[in-house]
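Comments concern the structure below.
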Amino acid sequence: MFRIITLNTNGIRSAASKGLFTWVQRADPDVLCLQEVKADEADIPEPYRYHDGLRSYFFCAKRKGYAGTALYTKKVPRQVRRGFGVPEFDEEGRYLEAEFAHVTVVSVYFPSGSAGPERQASKYRFLDAFFPHLARLRESGREVIVCGDVNIAHKEIDLKNWRSNQKHSGFLPEERAWLTRVFDELGYVDVFRRLDPRPEQYTWWSNRGQAYAKNVGWRIDYQLATPGIAAKAKAAYIYKERRFSDHAPLIIEYSGRL
């Protein structure tokens, strides 16, 4: 059995100051995937880089205080890969991959298009480039778990106000169709949704209008897995007892070995 947690920290130092790593110690993940760390590795205090037996690997953006991903692991990976070969997004530290004996785990941070047309265009470029990379991972024959903030709610069940968001980034028809292709053409599985079909299960809430208190949220954080390892997922839950950022940790437990 192994446990994987994924979380967009909206700044790793901010999340740490809210008790993230104290909670991580109790949650006891085998792999912790973080996105939007918003820091250079040298700026992250040492207690947050080498934490309670978890080895850390970072891929930080060239631009200071922006984007970036991290992986914390109990086991030493066979190989760690930073980036997926597309300079525009590798410079933003959006992709970090750890290859273990039986499973490859990815921490990925998709661009958000909500800041305007220019950022939405960047998001579409990311989707265009990332789809063939997901295909290559699938064709490798390895079991893969892609964890992260995808910045897309797939179906109407995945956000509270779906009717009013159909023309907003994160729920655009083109974005949703892209995710459908990932599932239908490439065979990846939305692990949380396979285990939990209930509505109103969200991982992100706006900081406006008491969205969190009212549970007016979006499910935009995923663990997307190849079918073999997806079938071994035994439990999935979204941790909401404490808040470390505007996202909530997504926790999934799998039988078998990393």
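The values are calculated or read from the model by the stated rules, or taken from the named source; none is laboratory data. For clarity, every value in this text was computed on a predicted model and none was experimentally measured. Cβ: placed from backbone, ideal geometry, glycine included. Neighbour counts: every protein chain shown.
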Inset, instruction - With the condition kept exactly as written, say whether any residue in the stretch 60-70 is buried (at least 16 other Cβ atoms within 10 Å of the Cβ), touching a strand residue (DSSP E or B) at 6+ places or on another chain (Cβ under 9 Å), closer than 26 Å to K232 by Cβ and touching a residue at least 24 places away in the same chain (Cβ under 8 Å). - result: yes
Inset, instruction - For the stretch 152-168, state whether one or more residues are closer than 25 Å to G85 by Cβ and surrounded by 14 or more Cβ atoms within 10 Å (Cβ to Cβ). - result: yes
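Being basic (K, R) and under 14 Å from the mean Cα position of the chain (by Cα) is the requirement here; does R208 meet it? Spell out how you get there, then give the answer.
Values: basic (K, R): yes; under 14 Å from the mean Cα position of the chain (by Cα): no.
Taking the combined requirement at face value, the residue does not satisfy it.
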Legend entry - the stretch 105-133 residues that are surrounded by 21 or more Cβ atoms within 10 Å (Cβ to Cβ), paired with ones that are of a type in the set (D, E, K, R) (beta carbon under 6 Å, 6 or more apart): V106/E97; Y109/E36; Y109/R94; Y109/D149; P111/K123; G113/R119; G113/K123
Legend entry - Failed criterion for D30 (all others in (1) farther than 21 Å from K75 by Cβ; (2) out of contact with any Pro (no Cβ under 8 Å at 6 or more places or on another chain); (3) among the charged types (D, E, K, R) hold): (1)
Inset, instruction - Answer yes or no as to whether G11 is small (G, A, S), surrounded by fewer than 20 Cβ atoms within 10 Å (Cβ to Cβ), touching a residue at least 24 places away in the same chain (Cβ under 8 Å) and farther than 17 Å from E99 by Cα. - result: yes
Inset, instruction - Only residues that are over 17 Å from F126 (Cα atoms) and surrounded by fewer than 16 Cβ atoms within 10 Å (Cβ to Cβ): list them for the stretch 82-103, please. - result: A101, H102
Legend entry - Test result for A16, farther than 25 Å from R257 by Cα and surrounded by fewer than 14 Cβ atoms within 10 Å (Cβ to Cβ): no
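Just to be sure, is E174 in contact (Cβ under 8 Å) with a residue 24 or more places away in the chain, part of a helix (DSSP H, G or I) and over 19 Å from the mean Cα position of the chain (by Cα)?
Numbers: in contact (Cβ under 8 Å) with a residue 24 or more places away in the chain: yes; part of a helix (DSSP H, G or I): yes; over 19 Å from the mean Cα position of the chain (by Cα): yes.
It is true that E174 is in contact (Cβ under 8 Å) with a residue 24 or more places away in the chain, part of a helix (DSSP H, G or I) and over 19 Å from the mean Cα position of the chain (by Cα).
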Inset, instruction - State all residues of the stretch 110-163 that are part of a loop (DSSP other than H, G, I, E, B), charged (D, E, K, R) and in contact with a helix residue (DSSP H, G or I) (Cβ under 8 Å, 6 or more places away or on another chain); if no residue qualifies, say none. - result: K155
Legend entry - strands (runs of 3 or more DSSP E) contained in the stretch 193-258 and holding at least 3 residues within 13 Å of D149 (Cβ to Cβ): 221-225
Inset, instruction - Return the pairs, sorted by first residue and then second, in which the second residue is outside any loop (DSSP other than H, G, I, E, B) and of a type in the set (S, T, N, Q), the first residue lies in the stretch 182-195 and is surrounded by 18 or more Cβ atoms within 10 Å (Cβ to Cβ), the beta carbons are less than 6 Å apart, and the residues are 6+ apart or on different chains. - result: V191/Q223
Legend entry - Which numbered condition D158 fails, given (1) closer than 17 Å to G187 by Cα; (2) in contact (Cβ under 8 Å) with a residue 60 or more places away in the chain: (1)
Legend entry - Meets criteria (under 30 Å from V80 (Cβ atoms), at pLDDT 95 or above and out of contact with any Leu (no Cβ under 7 Å at 6 or more places or on another chain)) for Y188: no
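Can you tell me which residues in the stretch 136-155 are over 15 Å from the mean Cα position of the chain (by Cα) and under 21 Å from I220 (Cα atoms)? Can you show your working first?
As a first pass, look at the stretch 136-155 and keep what is over 15 Å from the mean Cα position of the chain (by Cα): 136-143, 155.
If the condition is that a residue be over 15 Å from the mean Cα position of the chain (by Cα) and under 21 Å from I220 (Cα atoms), then K155 is the only one that fits.
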